[in-house]
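Everything below concerns the one structure shown next.
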Amino acid sequence: MTYRHTTEFLLYDWLNVESLRERARFADHSRETFDSVLDTCERIARDKVAPFNRLADTEEPWFDGDKVHLPQASHAATQAYADSGMLAAAQDYEWGGMQLPCVVEMAANSFFSKAGIGVGGGALLTSGNANLLMAHGTDMQKQVFARNEFGGRFAGTMCLSEPQAGSSLSDIATRAVPDGEGFADDPLGPRYRLRGNKMWISNGEHELTENIIHLVLAKIPGPDGKLVAGTRGISLFIVPKKLVDVNGALTGERNDVALAGLNHKLGYRGIPNTLLNFGEGRFPVRGAPGAVGYLVGQAGDGLRCMFHMMNEARIAVGLGAAMLGYAGYEASLDYAKNRLQGRPVVGGEGKGGKAGKDANQPQVRIIEHADVKRMLLAQKSYCEGALALELYCARLVDEHHTGTPEAAAEAGVLLEMLTPIAKSWPSEWCLEANSLAIQVLGGYGYTRDFPVEQYWRDNRLNMIHEGTHGIQALDLLGRKVVMNGGRGLALLASRIEATVARARSMSKDAPELGDHATALAAALKHVGTATQAAWASGRPDEALANATPYLQAFGHTVLAWVWLDVAMCAQARLSARADAGANVSAGPREGAATGAPATPTDPHTDLLHGKLAACRYFIRYELPRVAAWLRVVETRDDTCRTMDEAWF
Ligand SMILES: Cc1cc2nc3c(=O)[nH]c(=O)nc-3n(C[C@H](O)[C@H](O)[C@H](O)COP(=O)(O)OP(=O)(O)OC[C@H]3O[C@@H](n4cnc5c(N)ncnc54)[C@H](O)[C@@H]3O)c2cc1C
């Protein structure tokens with residue numbers, strides 16, 4: 001079964017995305033229009049991206065002192081993406097958009113991440129940047145900047161991090177001061193001059209587009225000239241690389257934004273990563289140093305505005321991680337089906353038995369070894385589970401925007417709860433999937449002759465950017481599960497309990513689902529009691545010392561829920577097909593256990609059995625880890641917290 005089949009199963013069978021057309025915003029859509037967007041993206045990814053994935057890795061961006069150079073393939077892929085209309089996919093028709101549901105947009109974008117995450121990448125930064133302006137910008141800012149980003153003329157960045165301020169954004173030091181008399185009357189927005197350094201800025205400099213629109217966090221000094229401590233003092237500015245007029249035309253003036261250097265990375269090498277100096281005076285504007293920037297929203301409200309982009313970005317990061325994992329899964333599955341090595345263990349004769357390995361027999365393909373199947377199943381359960389989670393979150397975004405007021409509010413709360421998981425879980429476990437893919441290939445996996453090592457290197461970024469793993473864990477245990485008296489946690493728990501109840505109701509015909517439900521219910525209960533116990537002393541230092549094991553336990557519980565829900569859908573489809581007399585069997589395919597050639601079955605049936613098997617794997621091999629992670633949480637174990645620095 002292909003990735004496309006799984007995507008369609010999740011979209012249409014599991015999430016029932018076609019029902020969205022009943023809403024006014026999506027009324028022009030149908031399965032056909034959704035499929036045609038998927039077709040287009042799959043084709044562009046196959047033709048313009050996949051063949052250049054290794055090239056983007058080996059031919060890193062380079063700076064000649066004036067311009068940053070990228071391979072021609074990145075230019076072609078960027079253009080093809082812009083031409084497809086995907087930059088504005090979710091926008092209103094009047095903005096050149098397709099009014100596509102977020103869930104379909106995400107599914108369509110997944111083809112690009114899987115084909116080559118660093119080829120012509122950065123499109124999601126551009127659309128995220130423009131989406132933020134649509135939410136918080138003035139009409140003029142939308143027309144001049146967002147519209148040109150949607151059309152592909154301009155690219156976008158997000159400039160938060162500084163050399164001395166990564167996780168702790170409250171410590172940024174970039175300053176913004178009003179730009180002379182009448183600064184507040186500029187039609188593009190209140191005009192400031194910015195000075196400071198921004199580190200790690202993806203796509204901060206290139207020639208892929210006519211202009212680059214930086215969204216920059218900076219602080220406006222108080223009357224005493226000092227920067228306000230904390231996040232309250234942070235504001236958001238549009239800082240174009242080249243200045244533009246009110247029609248979006250370039251004025252011919254370069255803004256005072258200079259590339260100080262490119263960072264040379266482990267992975268994601270196709271995307272230039274930059275240290276940018278704002279306002280160092282290299283490109284003085286109207287004779288004065290300082291990068292010209294236009295305030296977005298209210299002064300002091302910058303971080304809240306930026307989070308509009310970051311929440312979206314975090315789901316996209318999770319999806320990207322899932323797709324890199326999936327790419328490794330596909331590569332290792334293909335390898336395992338072809339590599340001959342070893343002979344099967346075919347039972348034994350009693351204790352210490354002569355386990356039947358007959359050297360005269362031909363070697364078997366490694367996919368026939370149970371341990372290789374274990375590594376493939378682990379990858380499948382991580383990557384397909386992560387994909388399902390991300391699509392579920394994207395479906396929540398649609399509910400948040402177009403549902404009834406009550407459903408929209410609930411979707412918003414669930415999104416708040418799930419965003420740290422959506423970002424961090426695939427980043428950790430689909431990276432583990434990439435490691436297993438390397439393992440399946442043995443020594444070959446460790447070479448650059450096969451793609452799996454690159455997938456691992458590319459994926460290693462995802463636990464670091466957009467809020468590190470540790471920061472996501474603090475957000476979950478320190479904020480999300482306790483916010484509004486635990487309302488979000490209670491709502492999520494009620495959704496999980498509903499799945500458990502439905503699985504139990506199906507257990508007469510599918511007893512395994514009932515067993516899975518029991519295991520999931522126990523894990524959920526444990527999460528609840530551990531959350532209480534973590535906070536029982538009321539001391540954040542005690543509770544949060546084990547925030548990361550909590551994140552892991554929470555994530556695995558959420559994924560077990562997702563898998564059980566997906567499995568129920570698969571089971572229902574199998575039962576319906578059986579009722580209709582299709583070629584289905586309740587158990588594994590004939591021959592699967594013996595290594596004999598399997599009897600051909602309906603491919604769709606294989607897909608459904610595959611979902612049930614991945615769910616079973618996840619519940620039996622992965623979910624039991626939850627108890628171990630939670631043990632240190634509920635006892636507020638102080639091993640890490642009290643470790644003396646001198647003892648390291
Ligand atoms: C390839 C790449 C692309 C990037 N792209 C962008 C971009 O486009 N725009 C942008 O603004 N930024 C970008 N970043 C920056 C990225 O978001 C930061 O690297 C990240 O937020 C971490 O900041 P830091 O590197 O300063 O690490 P630090 O904040 O110094 O963290 C180091 C370690 O300490 C831990 N830590 C820090 N504080 C705490 C705490 N309070 N409690 C517990 N643990 C803590 C962290 O979890 C981490 O493990 C990018 C980074 C990379 C590597």
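The values are calculated or read from the model by the stated rules, or taken from the named source; none is laboratory data. Computed from a predicted structure; not experimentally measured. Neighbour counts run over all protein chains shown; Cβ positions are idealised from the backbone, glycine included. Heads up: the accessible areas ignore ligands, DNA and RNA and are worked out on the full protein's heavy atoms, side chains in. Shrake-Rupley method; radii C 1.70, N 1.55, O 1.52, S 1.80 Å.
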Return the total of residues in the range 124-169 being open to solvent by 20 Å² or more (accessible area, probe 1.4 Å) and within 14 Å of the ligand (Cβ to nearest atom). 10
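Table: residues versus (1) more than 16 Å from the ligand (Cβ to nearest atom); (2) among the basic types (Lys, Arg); (3) in contact with a Phe, Trp or Tyr (Cβ under 7 Å, 6 or more places away or on another chain).
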{"position": "416", "(1), (2), (3)": "yes, no, no"}
{"position": "434", "(1), (2), (3)": "yes, no, yes"}
{"position": "439", "(1), (2), (3)": "yes, no, no"}
{"position": "444", "(1), (2), (3)": "yes, no, yes"}
{"position": "462", "(1), (2), (3)": "no, no, no"}
{"position": "475", "(1), (2), (3)": "no, no, no"}
Conditions first: (1) within 14 Å of the ligand (Cβ to nearest atom); (2) surrounded by fewer than 16 Cβ atoms within 10 Å (Cβ to Cβ). Residue 205 passes all but one, so which condition is the exception? (2)
What number goes with the only condition from (1) small (Gly, Ala, Ser); (2) closer than 22 Å to residue 622 by Cβ; (3) open to solvent by 20 Å² or more (accessible area, probe 1.4 Å); (4) assigned to a helix (DSSP H, G or I) that residue 567 does not pass? (3)
Kindly indicate whether any position in the range 317-335 is open to solvent by 10 Å² or more (accessible area, probe 1.4 Å), within 16 Å of the ligand (Cβ to nearest atom), without any contact (Cβ under 8 Å) to a residue 60 or more places away in the chain and under 16 Å from the mean Cα position of the chain (by Cα). no
Give me the residue from the range 362-393 that is of a type in the set (Gly, Ala, Ser) and under 21 Å from residue 607 (Cβ atoms) and, out of that set, surrounded by the fewest Cβ atoms within 10 Å (Cβ to Cβ). 378
For the range 263-276, pairs from a residue that is closer than 13 Å to residue 456 by Cα to a residue that is part of a loop (DSSP other than H, G, I, E, B) and open to solvent by 30 Å² or more (accessible area, probe 1.4 Å), with Cβ under 7 Å and 6 or more apart or across chains, are 269/60
The range 170-181, subset in a loop (DSSP other than H, G, I, E, B) and open to solvent by 40 Å² or more (accessible area, probe 1.4 Å), residue farthest from the ligand (Cβ to nearest atom): 181
Can you name every residue in the range 88-126 that is under 12 Å from residue 151 (Cα atoms) and in contact with an Asp or Glu (Cβ under 7 Å, 6 or more places away or on another chain)? 89, 126
Options 422, 409: the member that is free of Cβ contacts under 8 Å to residues at least 40 places away in the same chain and among the aliphatic types (A, V, I, L, M): 409
So which helices (runs of 4 or more DSSP H) stay within the range 445-524 end to end and still have 1 or more residues that are aliphatic (A, V, I, L, M) and closer than 18 Å to residue 558 by Cβ? 469-475, 487-505
Does residue 232 qualify as being open to solvent by 10 Å² or more (accessible area, probe 1.4 Å) and either in a helix (DSSP H, G or I) or within 30 Å of residue 55 (Cα to Cα) (or both)? yes
Members of the range 520-578 found to be within 16 Å of the ligand (Cβ to nearest atom) and of a type in the set (Asp, Glu), listed by number: 541, 542
Flag if residue 249 is surrounded by fewer than 24 Cβ atoms within 10 Å (Cβ to Cβ), without any contact (Cβ under 8 Å) to a residue 40 or more places away in the chain and among the hydrophobic types (A, V, I, L, M, F, W, C): yes
From the set of residues in the range 261-302 that are part of a strand (DSSP E or B) and among the small types (Gly, Ala, Ser), which is modelled with the lowest pLDDT? 288
Could you tell me whether residue 226 is touching a strand residue (DSSP E or B) at 6+ places or on another chain (Cβ under 8 Å) and charged (D, E, K, R)? no
Filter result (open to solvent by less than 10 Å² (accessible area, probe 1.4 Å) and in contact with a His (Cβ under 8 Å, 6 or more places away or on another chain)) within the range 397-424: 411, 424
